[in-house]
Amino acid sequence: MAKIHTQYVCQRCGRIAAAYVGKCPQCGEFGTMVEQIVSDVSSQKSTRRRIFGDHISKPERLVDIKTDGLTRMPLPLSEFSRVLGGGIVPGSLILVGGDPGIGKSTLLLEVASLFAAEGRRTLYISGEESVRQIKMRADRMQLQPEELFLVTETNLNVMFDHIEEVQPLVIIVDSIQTTYADEISSSAGSVTQVRECAGRFQELAKNTGLSVFLVGHVTKEGAIAGPRVLEHIVDTVLYLEGDPFHRYRLLRGVKNRFGATSEVGVFEMVERGMVEVTNPSEAFLAERQVNAPGSTIAVTIEGTRPLLVEIQALVNPSIFSNPRRTANGIDYNRLLLLAAVLGKRSQIRLQDKDIYANVVGGLRIDEPAVDLAVAVAIASSAKDRPVHADMAFVGEIGLNGEIRAVNQLDTRLKEASKLGFKRCVVPRTSKRLVGDIPDDLDIIGCRSLQDVLGLALLNK
């Protein structure tokens, strides 16, 4: 007879305790310990044997291992392939996360249809929508591939039955939090269920060479829901970011065993689904108002891709005893630092002013190289003097008001020149290191923020 016992599992970090405790000893969260009954796993072993066979791995010499047949599967969606490093590696397990309604299911349905259109049989397993609802979305997106199979299922063992029947090359599971294994008594979405189901899909991918996509829910803090081990199990972690009220979405890679991390792909949400944006800098600047006070252009790097984005700032007299500071798209503490540097080093009175800073397009930028553009935008709005329309800015600002060097300056300058900008303000120390300078771009090296404000702001 199988032994059955009770344990308590933290839904935040996965810590297991023999008895209930109000506060998790590992992560310190209160009320996260949930009772779980542990039972026999013989049925799990039989399922694994049916799917994977009696495969036993043996040690091999590194020099004897052949990778000739292991080539990436190209994808016509170039922005998606860019984030993955040039295509999908067979046998990889990919986790896609994002806020509710951001477009995860829409993007992966399009990816599944593109694979199926090329003759690669694809199985889309949904635990949140019926097949008719998915078909309605596919009709709206004008997707009708013959090799795409749909099924609504949440039971892991039944999913494996469908996989054995269809024999696909690509599998999409939407979502891992709605998937459960019969052998585990806890509900779907619990730490144990998520960890076990993800581990079984990992075995499936590695032993059969199938490529598996898992959709993951996120918490209110923006992290993937469930145990942190989920992100360790998978090969690639992608986040779909963006403001639901804006049309642009950024697919950002935060982990990739087969390519560069921090790579981004840009998409636009339209009526027929996700459309890739091949020239995002031009798209972000399309509605820019020239010669408007408080508007500057920053040249930033996302992964290996240079992006030109518009930074807007608004400075108004405050009616409160404590002036407001609002940052949208940039770090709030960074905004406070730049406002303090402007007040101390440039003699711009900001202590009684409200300051609002925004990155146009709903983007989120954490790179310090946009400091200079943000500071100039604040000064421009405070003095009500516009910035030269053909000027872009690159540089980090120190507490002494100095302009500090940034990386990949050559790549940034080429992107600015390609978009038609004639002048670019850079740190003076970095100007000496610039190699191939575009002929039509004037590189202006500055040491301090005060020097930049003297040449960047137009007279009224």
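General remarks:
- Pick from region 3-25, criterion farther than 19 Å from Gln193 by Cβ and in contact (Cβ under 8 Å) with a residue 12 or more places away in the chain, ranking: surrounded by the fewest Cβ atoms within 10 Å (Cβ to Cβ): Lys3
- Qualifying residue in region 152-160 (condition: over 25 Å from Gln11 (Cα atoms), modelled with pLDDT of 95 or more and not in a helix (DSSP H, G or I)): yes
- Residue within region 284-291 that is without any contact (Cβ under 8 Å) to a residue 24 or more places away in the chain and in a helix (DSSP H, G or I) present: no
- Sole residue being part of a loop (DSSP other than H, G, I, E, B) and in contact with a helix residue (DSSP H, G or I) (Cβ under 8 Å, 6 or more places away or on another chain), chosen from Ser186, Ser113: Ser186
- Where Gly454 falls short, out of the listed (1) at pLDDT 85 or above; (2) farther than 24 Å from Asn279 by Cα; (3) not in a helix (DSSP H, G or I): (3)
- Listed conditions (1) at pLDDT below 95; (2) in contact with a Pro (Cβ under 7 Å, 6 or more places away or on another chain) are all met by Leu123, apart from (1).
- Against the test of being small (Gly, Ala, Ser), in contact (Cβ under 8 Å) with a residue 24 or more places away in the chain and more than 14 Å from Leu108 (Cβ to Cβ), the options Ser175, Ser186 yield a single qualifying residue, Ser186.
- Helices (runs of 4 or more DSSP H) fully within region 331-441 counting 3 or more residues that are within 28 Å of Thr304 (Cα to Cα), of a type in the set (A, V, I, L, M, F, W, C) and touching a residue at least 12 places away in the same chain (Cβ under 8 Å): 332-345, 371-383, 409-418
- Condition broken by Asp68, with the remaining ones in (1) surrounded by 15 or more Cβ atoms within 10 Å (Cβ to Cβ); (2) outside any helix (DSSP H, G or I); (3) at pLDDT below 75 satisfied: (1)
The values are calculated or read from the model by the stated rules, or taken from the named source; none is laboratory data. Computed from a prediction, not measured in an experiment: that's the story for all the values here. Positions of Cβ are backbone-derived with ideal geometry, glycine not excepted, and every protein chain shown enters the neighbour counts.
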